[in-house]
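Novice: First the structure, then my questions, so here it is.
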Amino acid sequence: MTPANVEQRVLRRLGKRHAIGRFDASRTALVIIDMQNYYVAEGFPSGSAQARGIVPNINRMSSAIRAAGAKVIWVLTGSSKAMEFWPNHHIHNLSPENAARRIASLAEGGEGHRIYPELEVHPTDILTSKVMYSAMLPGPSSNLLDTLAEHGIDTLLIAGTKTNVCCESTARDAYMLDFRVAMLSDCTATSSDEEHAATLNTFQLFFGDVMNFDDVAARLEPPARPT
């Protein structure tokens, strides 16, 4: 729930509660970040009960998005190019043991890299990968930007884990690249409620929208039928 002081500041800046009034399904994508075994499943060092808790919400949201004719895009972190394109993170910001574990566990094709099995992935969905926190960095981190351009997408709904790391990094970069962006409060999760709320509040104050399932469902417009 948005704190009253945050809502008041948004209203003073914007004049209304949400910047996005309607979603044109033909130009909208649900971008689901890092819902992989490594970050979600029990038994993995980075597996998260909070991330497991949003699985039903993501399934519900993705089903509504598909039904409206919008795209569902799964972004998976992979480690095969980690030391080539992001060495400083692994050398200086992680212990040698943690860096080695991360690279081994997120190897493409391995169990940690796979999408958490309780998530519903459909044949029409798009799967893409990233190396760094943000999936929107052009170049080596990800081809998401090219994928969005290919499908004429200008509006993103951000779901996944962690709210304050890869989801926020992707959402902020998308906003700065002039996409319309909404972070989904009931489809994102991180290590604590405090971190989750702080991230969403900051994003709503300065960057884009924060919405839940009902907010999105009320604004989804299916593509116009040809006459």
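Novice: Over the chain, average the accessible area per residue using a 1.4 Å probe and give it in Å², no decimals. Could you put the intermediate results ahead of the total?
Specialist: Working: 10760 Å² over 227 residues.
Result: 47 Å² per residue.
Novice: Which parts of region 114-151 would a label at E84 reach, counting a residue when its backbone N lies under 13 Å from a point 7 Å out along Cα-to-Cβ?
Specialist: Residues passing the 13 Å test: 131, 140-142.
Novice: A further question follows. Give, as a single signed number, the net charge of other residues whose beta carbon lies under 9 Å from the beta carbon of V72, with Lys and Arg counted +1 and Asp and Glu -1.
Specialist: Numbers: positive: R66, K71; negative: D125.
Summing Lys and Arg as +1 and Asp and Glu as -1 gives +1.
Novice: In region 37-113, if every C-alpha pair distance is counted and binned at 10 Å from zero, what percent goes to each bin?
Specialist: 17, 37, 30, 14, 2
Novice: Please list 15-28, 203-216, 114-127 highest first by mean number of surrounding beta-carbon atoms within 10 Å per residue. Could you put the intermediate results ahead of the total?
Specialist: On the way: 15-28: 15.6, 203-216: 19.1, 114-127: 13.6.
The packing order, highest mean first, is 203-216, 15-28, 114-127.
Novice: For T161, what is the net charge nearby, where nearby means another residue's Cβ is under 12 Å from its Cβ and Lys, Arg count +1, Asp, Glu -1? Please report the intermediate quantities before stating the final value.
Specialist: Values: positive: R52, K162; negative: D34, E168, E195.
Residues close to T161 contribute a combined charge of -1.
Novice: Right, next: Quick one: pull the percentage of alpha-carbon pairs in the chain with a separation above 33 Å.
Specialist: On the way: 3543 of 25651 pairs.
Above the 33 Å cut-off, the chain has 14 percent of its Cα pairs.
Novice: Further question: Once region 93-159 is represented by equal point scatterers at the alpha-carbon sites, with solvent omitted, what log10 I(q)/I(0) does the Debye formula produce at q = 0.19, 0.21, 0.23, 0.28 Å⁻¹?
Specialist: So the normalised log intensities are -0.98, -1.12, -1.21, -1.32.
Novice: Of P3, I73, A51, which is farthest towards the positive pole of region 1-112's charge dipole, taken about the Cα centre with +1 and -1 on the beta-carbons of Lys, Arg and Asp, Glu respectively?
Specialist: Of the options given, the answer is P3.
Novice: Given a 10 angstrom Cα cut-off, can you work out which residue in I153, I91, I65 is the most mobile in a GNM of the chain?
Specialist: I91
Novice: Scaled to the compact-protein estimate 2.2 N^0.38 Å, what is the alpha-carbon radius of gyration of region 69-203, rounded to two decimal places? Intermediate results must be reported in sequence, preceding the final value.
Specialist: Working: Rg = 15.0 Å, N = 135, 2.2 N^0.38 = 14.2 Å.
Against the compact-globule rule of thumb, the ratio is 1.06.
Novice: Follow-up question, since we're still on this one. For the chain, modelled as a Gaussian network with Cα springs under 10 Å, which listed residue fluctuates most, N57, N37, N93?
Specialist: N93
Novice: Across bins of 5 angstrom width beginning at 0, how are the C-alpha pair distances of region 123-212 distributed, in whole percent?
Specialist: 3, 15, 26, 26, 18, 10, 3, 0
Novice: Then there's this: Which of the peptides 189-195, 76-82, 167-173 is most tightly packed, and how do the rest follow, judged by the mean count of other Cβ atoms within 10 Å per residue?
Specialist: Numbers: 189-195: 16.7, 76-82: 19.1, 167-173: 25.3.
Peptide ranking by packing, descending: 167-173, 76-82, 189-195.
Novice: Okay, next question. Can you send over the carbon and sulfur percentage of the accessible area for the chain, probe radius 1.4 Å, protein chains only? Kindly include the intermediate steps, with their values, before the conclusion.
Specialist: On the way: 5540 of 10760 Å².
Answer for the chain is 52 percent, counting heavy atoms of protein chains only.
The values are calculated or read from the model by the stated rules, or taken from the named source; none is laboratory data. This is a predicted model, so every value here is computed, not measured. Heads up, the Cβs are rebuilt from the backbone with ideal geometry, glycines too, and the neighbour counts pull from every protein chain shown. When the accessible area is computed, the model is the full protein with side chains, heavy atoms only, and any ligands, DNA or RNA have been set aside. Shrake-Rupley method; radii C 1.70, N 1.55, O 1.52, S 1.80 Å.
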